[in-house]
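Structure first, then comments.
The values are calculated or read from the model by the stated rules, or taken from the named source; none is laboratory data. All values derive from a computational prediction rather than experimental measurement. Neighbour counts run over all protein chains shown; Cβ positions are idealised from the backbone, glycine included. The accessibility values were calculated without ligands, DNA or RNA, using every heavy atom of the protein model including side chains. Shrake-Rupley method; radii C 1.70, N 1.55, O 1.52, S 1.80 Å.
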Amino acid sequence: MLELSVNTKSPAAITAALKKIHEMVMSGAVAKNAPVHITLEPGSYREVIKYNLSNPLVMESTPGTPAASCTIQAENCEAFHKGAENRAVFVIGPNASNITLKNFTIVNTHNKSVAEGNTLPDAAEAFCWNNSTGTLFAEGMRFEGRQNTLSVKGYSWFLNCYVSGDTDFISGDCDTAFFENCEIHVREDNRGDFPAYAVSSRALAEKPGIVFSSCRFTGEKRRKSPIFLYRTAGKGCQSSQKDWDSMALVNCFVSDIFDDSFVWDDDMELEVYPRGNAKTGFREYNTRIVMKNGKVAAADTTRRNIKSYTLTDDDYFRGYASRYLILHDTPFAEIKD
């Protein structure tokens, strides 16, 4: 294993370390399948990072460092560089194999500049998992931004992480993106009182999509504008290979600031496809609502979007009652509870 340690004393320290690794791999000094371990010392790293080598990578802060004390941050957005793979602060490319990120923070500092609505120029990922074949495991991470904070393809697993934003801030054309014991936080809009949307799935056809298990959905209430847990793009259909509205909530806690319908579809003007069922679509099980006074109550699902589905006990025990059941059709299958 190639071991490297970086600190904030040198400009673009992480980029320099990754460039060194690339040169060693290209020269043959390091095998293309040799694992790489990068340790980040506490501090603020102000740089945009890309990793696209096949070498398995573990990047983590030094032991005992709180995630908030080790931060990679920069301003980037669609107006600066087009495409999610270019406008993110940290990008993992399609050649990567197995990536592990632990206990640090990635922030896109871009504030929205377009006065009205949610527009493409303000899309600004903090992290982009632009990979369809490898695996991403993130533990104890913080991902912070506004619009499109976290973009996921392929297979990813987020454990004990924190994700914040205001518009479609968890999204992507994924097979399975599994969030376990995470906090999903809707923050204020820097422009004022605008509607908010936490998740926008563009899942691959017939795949689980974005699955939340034992997660907490929190946020900052708008004065008048609604806050939705999910927003459809209205592009999915039976013949499409992606853009399916697949998202599951399993044993999650949701603040009462979220609209009771959970799913925004422009007042039924957009297609929500597929209709929720045991395996795809928008589905939930044992959702609990957290009131302003801290009290917790079972959710009333009768006010959900008409395309939503409430999982039965049989559905739950067949496919969602454990980490293994959720991940058994993915490359994470060998990991047991």
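Among the residues of segment 290-315, write down those that are surrounded by fewer than 17 Cβ atoms within 10 Å (Cβ to Cβ) and either in a strand (DSSP E or B) or touching a helix residue (DSSP H, G or I) at 6+ places or on another chain (Cβ under 8 Å) (or both). Listed by number, the residues that qualify are VAL296, ALA297, ALA298, THR310.
Only one of the numbered conditions (1) over 23 Å from the mean Cα position of the chain (by Cα); (2) modelled with pLDDT of 95 or more is not met by GLY294, and that is (2). Within segment 42-62, residues that are among the polar types (S, T, N, Q) have Cβ atoms under 6 Å from residues that are open to solvent by 50 Å² or more (accessible area, probe 1.4 Å) in these pairs: ASN52/ASN95; SER54/LYS32; SER54/ASN95; SER61/ASN103; THR62/GLU41, counting only partners at least 6 apart in sequence or on another chain. Filtering segment 27-86 to residues that are acidic (Asp, Glu) and open to solvent by 50 Å² or more (accessible area, probe 1.4 Å) leaves GLU41, GLU75, GLU85.
Against the definition (modelled with pLDDT of 95 or more and either out of contact with any helix residue (DSSP H, G or I) (no Cβ under 6 Å at 6 or more places or on another chain) or part of a loop (DSSP other than H, G, I, E, B) (or both)), how does SER164 come out, yes or no?
Details: modelled with pLDDT of 95 or more: yes; either out of contact with any helix residue (DSSP H, G or I) (no Cβ under 6 Å at 6 or more places or on another chain) or part of a loop (DSSP other than H, G, I, E, B) (or both): yes.
When the stated conditions are applied, SER164 passes them.
Got a sec? Which of ASN251, ASN277 is over 21 Å from SER214 (Cβ atoms), open to solvent by less than 70 Å² (accessible area, probe 1.4 Å) and under 23 Å from the mean Cα position of the chain (by Cα)?
On the way: ASN251 fails: over 21 Å from SER214 (Cβ atoms).
Every option except ASN277 fails the conditions.
Would you be able to say whether some residue in segment 168-175 is of a type in the set (Phe, Trp, Tyr) and open to solvent by 10 Å² or more (accessible area, probe 1.4 Å)? If you could, list the steps in order and put the result at the bottom.
Within segment 168-175, the subset of a type in the set (Phe, Trp, Tyr) is 169.
If we keep only those that are open to solvent by 10 Å² or more (accessible area, probe 1.4 Å) too, we end up with none.
The answer is no; no qualifying residue exists.
Using beta carbons and a limit of 6 Å, which pairs, at least six apart or on different chains, have the first residue in segment 13-39 and of a type in the set (Gly, Ala, Ser) and the second one assigned to a loop (DSSP other than H, G, I, E, B) and surrounded by 15 or more Cβ atoms within 10 Å (Cβ to Cβ)? Partner pairs satisfying both residue conditions: ALA34/ASN55. Answer yes or no: is there a residue in segment 266-288 that is more than 19 Å from ALA203 (Cβ to Cβ) and assigned to a strand (DSSP E or B). Within segment 266-288, one or more residues are more than 19 Å from ALA203 (Cβ to Cβ) and assigned to a strand (DSSP E or B). Among the residues of segment 8-26, those that are assigned to a loop (DSSP other than H, G, I, E, B) and open to solvent by 50 Å² or more (accessible area, probe 1.4 Å) comprise THR8, LYS9, SER10, PRO11.
Might you check whether a residue that is on the phi < 0 side of the Ramachandran plot and part of a helix (DSSP H, G or I) occurs anywhere in segment 34-51? Full working, then the answer.
We begin by selecting, within segment 34-51, every residue on the phi < 0 side of the Ramachandran plot; these are 34-42, 44-51.
Filter once more, so that each one left must be part of a helix (DSSP H, G or I): none.
No, that holds for no residue.
Would you mind telling me which numbered condition in (1) farther than 21 Å from ALA248 by Cβ; (2) assigned to a strand (DSSP E or B); (3) more than 13 Å from the chain's Cα centre (by Cα) ASN131 fails? (2) is the only condition that ASN131 fails.
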